[in-house]
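None of the figures in this text is laboratory data; all of them are computed from the coordinates on show. Computed from a predicted model, the values in this text were never measured in an experiment. Glycine also receives a Cβ, built like all others from the backbone with ideal geometry; neighbour counts cover every protein chain displayed.
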Amino acid sequence: MKLALSISGVTKDFRIPGSKRWVRAVDNLTLSIRENEVYGLLGPNGSGKSTTIKMALGLMKPSVGECSLFGVASDTPSARLNVGFLPEAPYFQRFLTGRELLRYFAKLAGLSRPETAKRIDALLEKVGLEDAGDRRVGGYSKGMLQRIGLAQALVGDPKLLILDEPTAGVDPVGAAEIASIIRTLKSEGKTVLLCSHLLSQVESVCDRVAIMGRGKRLLEGSIDELTLGTDSSSLQLDGASPELRESVAALAAAEGARVATRRRSLEDLFLELAKGGEGGDD
Amino acid sequence: MTTDSERLKWSLGRATTIGLNTFREAVRMKLFLAMTALAVCALASSFLFREFNFGSSELKFIADFGFGGMTVFGSALAVIVTAQLFYGEIEHRTAYTLLAKPLYRSEFVLGKFFGAWATVLCFMAMLALCLVFALWWRETSIMAEFPEEFVNGRRIVRYGDILGFAALQSIRIGILCAVVILFSTYATSALFSMVLGMLVWIVGQLQHVAVEAWATVDSLILKGIYALASFALPNFHLFDVGERLALGEALPGSLYGKLILYGALYGSFYLAIACISFNRREF
Ligand SMILES: Nc1ncnc2c1ncn2[C@@H]1O[C@H](COP(=O)(O)OP(=O)(O)O)[C@@H](O)[C@H]1O
Ligand SMILES: [Mg+2]
């Protein structure tokens, strides 16, 4: 199967202005995102998620390595034909209304006029901005900017959607709506790459996740693989009396197994890794 | 690996869409309001000369004044408006969403150029109309007062040439817009491209003086530097035809042709470098 997004051996160094030192934002990163997959890219602030996305979209060139979208090298404009992008903390032409902004982007995407009007109404409703569509974007709140940003990413009906922190600044209802939009997209056969800090949400929508730290990929796998590693699978006892529970625990302990009362969440794993990262390999 | 139908073609339509949106931004930024105020002030100040009442030579005075205003205000606006409209998109990170779309960066550069140029051209047209109106109005009353200065009662101001002058200044402004776009593609602030744009304007204006100095220099290296500078920078003095017009001279058609060609060459030269430089820019 063709990969929707492929990043192979990519490193990105930034020059610190005014000095001869460099920062390594992304360090020999390899990621493969299959078609019709919802992929979560996680990691603490500054771990290189946004930089990775920018290189994948051709907004930046990697210092080393290659990126491609649907098999087309990211530095050619054709690579972006089937991609929609919501940047981190997006900012749009303040002087346009929400509807005009979508019309502008639809025109750039080559949509025909009759098609556009219907599509824009549907999108505004989808992201919950049907009442704000005729107001200037300059007056939008942070959460509304995220919503109009999601709508503009969807306007060309892309096969791959790249969302950088889509729920930042969005209220919980909106965040749940975005999660449901992502699930719908998956059912329509689309691919989604999602960066988020809200791990519980990532957990509920992603097929696979990667955890990044200091520009490196620390872990990758399906949620189940990561949270139920072979040595940490858990056993759920329903309808067991406290006595039975105790004897099972005693038996397990005698065999040398640890008994945990709850499943390790993605958040626990994230915190562990982040701590490990701080402790430093250098 | 892509099929031919999946190859993105360079599209004039997308460049036009970006250009129109740029123009719309200028309209909504109330730039035109500010420009209209400027034009009205210019018109009002030319009316001040009503007090002098020195016959038909007053008309030459108003024409001179108007030509100077068009050149100075037009060039200053070209620098400020272009930097604002182009660099503004980078500064406010709106370019970021746009360039992640399937489009060529050169479409963005050209769209922005034409949008900014069109904005300044509207202002020039406004000034030219004001000037024509002021001259016509004064000429009519002077004709009534000093009929002996008008042979057979015919008007002496050539209004067509005033529009011609405005058209020539529009070419100068186009070159300046292209220069500012070029600077903006690697600038890290709007001020940077404004200051450099102003510098090119001034140097381009005085370049003919440098060319005279060049003739008297012996050093080959200096000669080389002069030659390079006079090639890389436009000679805006070529567009200073207001003097000739005010003296009642007619401009030959060949001059229009030459200056249009000159503007097209320099404009496309700067825009081509701007596209290359913008393609390398990281966001
Ligand atoms: N344009 C830039 N110039 C210099 N350093 C940068 C630039 N962009 C990102 N960085 C650095 O690269 C690192 C990764 O940043 P980023 O990709 O934004 O992280 P994340 O999105 O995971 O929070 C950070 O240390 C950041 O300071
Ligand atoms: Mg980020």
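Structural remarks
- Ordering B:116-122, B:197-203, B:96-102 by mean Cβ neighbour count within 10 Å, with the highest value first, yields B:116-122, B:96-102, B:197-203.
- Whole-number D in µm² s⁻¹ for segment A:109-196, Kirkwood Cα-pair radius fed into Stokes-Einstein, 20 °C, 1.002 mPa s: 159 µm²/s
- 19 Å Cα-Cα threshold exceeded, pairs from B:Lys223/B:Lys258; A:Lys118/A:Lys190; A:Lys107/B:Lys101; A:Lys2/A:Lys159: B:Lys223/B:Lys258; A:Lys118/A:Lys190
- C-alpha long axis of helix B:12-28 to longest principal axis of chain B, angle in °: 60 degrees
- Spread over its residues, the convex hull of the C-alpha atoms of the protein assembly as shown is 221 Å³ per residue.
- Given in Å, the Rg to one decimal and the Dmax to the nearest whole number for the Cα atoms of segment B:10-279 are 20.9, 69.
- Given their separation in residues at 0.36 nm each and the Cα-Cα distance between them, A:Asp13 and A:Ala176 gain 55.1 nm when the chain is fully extended.
- Look at the stretch A:106-113: the mean tally of other chain Cβ atoms within 10 Å of its residues' Cβ atoms is 4.
- For the residues A:Glu225, A:Glu177, A:Glu267, a GNM of chain A with alpha-carbon springs under 10 Å puts the largest fluctuation on A:Glu225.
- Nearest-0.05 FRET efficiency for A:Arg183 and A:Val64, computed from C-beta distance (R0 41 Å): 0.70
- FRET E, pair B:Ala210, B:Trp136, Förster distance 25 Å, beta-carbon r, rounded to 0.05: 0.05
- Average other protein chain Cβ within 10 Å of Cβ, residues A:239-248: 0
- Semi-axes of the equivalent ellipsoid for chain A, computed as √(5λ) from the eigenvalues of its C-alpha gyration tensor and ordered from largest down, come to 38, 25, 17 Å.
- Per-residue [θ]222 nm for chain B (sum of -39500 (n - 2.57) over DSSP H runs n ≥ 4, rounded to 500): -26500 deg cm²/dmol
- Cα-centre dipole for the protein assembly as shown with unit charges at Cβ (Lys and Arg positive, Asp and Glu negative), debye to 20: 760 debye
- Packing-based ranking, highest mean first, of A:113-121, B:173-181, A:145-153, B:220-228 given that Cβ atoms within 10 Å are counted: B:173-181, A:145-153, A:113-121, B:220-228
- Inter-chain shielding of A:63-76 (mean C-beta neighbours from other protein chains, 10 Å cut-off): 1
- Most mobile listed residue (B:Asp218, B:Asp64, B:Asp240) in chain B, GNM with C-alpha springs under 10 Å: B:Asp218
- Within straight-line reach of B:Lys30, meaning a Cα separation under 24 Å, sit the following lysines at least 8 residues removed in sequence or on another chain: B:Lys112.
- A helix-only calculation puts chain A at -11000 deg cm²/dmol for mean residue ellipticity at 222 nm, using -39500 (n - 2.57) for each DSSP H run of at least four residues, averaged over all residues.
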